[in-house]
Structures are given as C-alpha cells and as structure tokens.
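Contents: one structure, followed by commentary.
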Amino acid sequence: MKRETMERFRALVYDMSGINLGDKKEALVSARIGKRMRALNLETPEDYLHYVESSGDQAELVQLIDAISTNVTSFFREADHFQFLAEVCEKWRAAGQRRFRVWSAASSSGEEPYSIAMTMLDTLGSECDVRILATDISTKVLAQARAGLYAPQRVAGCDRATVLRHFQKEVNGAVQYSVRPAVRRLCVFKQLNLSQPPFPMRGPLDVVFCRNVMIYFDARVRLALLREIHRLLKPGGYLCVGHAESLTGLDHNFTTVRPSICRKD
Ligand SMILES: C[S@@+](CC[C@H](N)C(=O)[O-])C[C@H]1O[C@@H](n2cnc3c(N)ncnc32)[C@H](O)[C@@H]1O
C-alpha cells in the first residue's frame, strides 16, 4: 500500500472512531480491508479508499472500523470485575437501593453485558429494577449481541450452573446456546461512538464497564471519554477498565480502588 494511502486510512479511522493506528499497522490494515475490497469488487487499496471517501457512505465507514478493530471478548472475561459487581450491588441493596443502571460501553458481541446481567440477576433476583445499556460502534457485533445466540465454545468459559441457569440449548442442525429471556430483557443495545462525547444519556449510572477499548485510543480521546464517564456516574459509582489498560498519566478525577477499578467520589 502506498504511504499516502495508509496516511489517509489512518486519518479516516481516527476521525471516525478515535482509533489510533500506530506506525506499524500497514500490514494489518492491508489484510483487514482485503475482505471489503473483495466484497465490493475493488482491486486496490486506493480504489477502496476512494470509494469510502467519495461515497459519503457512513455504513461503509462503520464496515471499515469493523474490519480494523478487534471484537475479541468472552463471557465473564476478567472475572474479578463480576465478583466486584456482585459485592457492590449487594452492599447497595442492603442500603435500600432498588434501581440499578450499568453501562457496558464497548459491548462487542454481547458477552460482557450478558455477563453483567447474569451477575446482577443472581445477586439481586428479579425484584429490583435493573437495566444494562450495551453500546458499540459496530453494527455487526450489535446484531450478534441482540441475537444472543452463541456456539458451544463461546459458553465454554461459563461454569455449568451458569450455563444451565441462563442459557437455553438449541439444536437446529448445529448446537447453539441462546441467552434466556430473563437475562436479555435487562439489556438494551445501541450504537454509540465513544470518541465523540457528549453522549445522549442522562445517568446517573451505578457502574460503567469500559474495557479493552481505550487501548486503541490516544490520550486525547481517552481523557475526553473518562471525563464523560465521570459526568454520567453517580457519586460513589464505579468504572471498570480492562486489566491491560492504565489510567495513569491522565488528568482524570477518579479514585483508584483496585488496579482496574476506580470510583467517582
Ligand atoms: C476488544 S472489544 C472489547 C469487548 C469487551 N468490552 C471486553 O472487554 O471483552 C473492543 C470493542 O470496542 C469497539 N469499539 C472500537 N472503537 C469504538 C468506538 N470509537 N466507539 C465504540 N466502540 C468502539 C469495537 O467495535 C469492539 O467491539
């Protein structure tokens, strides 16, 4: 790919999503856009760039972001966050709280918000008013999340009791596990671009999971996002970030309570 083409892809991706493609990402970009080029019958990266830039097609821009970003996720990933969520919900309920609002800010194909919903259902029962807002920039993963249907290897990380309680085994040719309605009805899925605050939500939120997405952003985008999450959280509310993500060096207002969990005071 020509250097100038790569620079323009870099600018497009950054302006659209805040994703910062470092210097050594040319091979990754070439490999990932190949699929879109074939789907659109285009021959060179320059043809595809021209298509994206000139069509003004937002949907194709989202497809490009989809191709570039990774959607890797799993049920109960970074399990200590779910244990923490259960502990804090139990504490708030004991103090009389009945309404709980949680945001899964980069929900990918749904494993994270459904794990949050399962944890809250197991901890709070069905008497409390619980809502989980699940957002992602990618319409493709949001459609998978809404379908709530997973291959056996995707649920392999859940313990047996969780699978029995929260999934329905379906056999339509292949075996799949569908998330039970009691869990699904707690989750609302919406498209949202985390690089463009302010967001159209009112809050106040009790807990925000914003995990394994900030690694793709530069300090400017990260900081704006952290300030917006801070605005939306209730005082005493918590933010969980990915274990590989560090907030050090950023001028945010959170208090760190554990390495990947912080609180709005
Ligand atoms: C690696 S997955 C993380 C999924 C989940 N949070 C977890 O930790 O397992 C990253 C997700 O961030 C989404 N993403 C990337 N840039 C985004 C943006 N600007 N706004 C919203 N979502 C974005 C991607 O589409 C992808 O689904």
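The values are calculated or read from the model by the stated rules, or taken from the named source; none is laboratory data. Note that the structure is a prediction, hence the values are computed from the model and not measured. For neighbour counting, all protein chains shown are included, and Cβ atoms are generated from backbone atoms with ideal geometry for every residue, glycine included.
How many of the residues in segment 118-141 are out of contact with any helix residue (DSSP H, G or I) (no Cβ under 8 Å at 6 or more places or on another chain) and at pLDDT below 95? Number satisfying all stated conditions: 2.
Here's the yes/no breakdown for (1) modelled with pLDDT under 95; (2) of a type in the set (A, V, I, L, M, F, W, C); (3) in contact with a Phe, Trp or Tyr (Cβ under 8 Å, 6 or more places away or on another chain); (4) under 24 Å from residue 133 (Cα atoms):
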| site | (1), (2), (3), (4) |
| --- | --- |
| 49 | yes, yes, yes, no |
| 55 | yes, no, no, no |
| 81 | no, no, yes, yes |
| 86 | no, yes, no, yes |
| 94 | no, yes, no, yes |
| 99 | no, no, no, yes |
| 107 | no, no, yes, yes |
| 112 | no, no, yes, yes |
| 116 | no, yes, yes, yes |
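Of all the residues in segment 244-255, those that are at pLDDT 95 or above and surrounded by 13 or more Cβ atoms within 10 Å (Cβ to Cβ) number 1. For segment 59-116, the set of residues classified as of a type in the set (S, T, N, Q) and over 12 Å from the mean Cα position of the chain (by Cα) consists of 63, 83, 97, 115, listed by residue number. Of the candidates 194, 164, the single residue that is modelled with pLDDT of 95 or more, over 22 Å from residue 262 (Cα atoms) and among the aliphatic types (A, V, I, L, M) is 164. Which numbered condition in (1) more than 30 Å from residue 26 (Cβ to Cβ); (2) touching a strand residue (DSSP E or B) at 6+ places or on another chain (Cβ under 7 Å); (3) surrounded by 21 or more Cβ atoms within 10 Å (Cβ to Cβ) is the only one that residue 84 fails? Answer for residue 84: the failing condition is (3). Of all residues in segment 191-235, those satisfying the criterion of being more than 10 Å from the ligand (Cβ to nearest atom), of a type in the set (D, E, K, R) and closer than 22 Å to residue 82 by Cβ are 206, 234.
Scanning segment 115-135 for residues that are free of Cβ contacts under 8 Å to residues at least 60 places away in the same chain and either crowded, with 20+ Cβ neighbours inside 10 Å or near the ligand (Cβ under 10 Å from one of its atoms) (or both) yields 115, 119, 130, 132, 134, 135.
When the helices (runs of 4 or more DSSP H) confined to segment 1-91 are screened for residues that are more than 15 Å from the ligand (Cβ to nearest atom), those reaching at least 3 such residues are found at 3-17, 26-39, 45-55.
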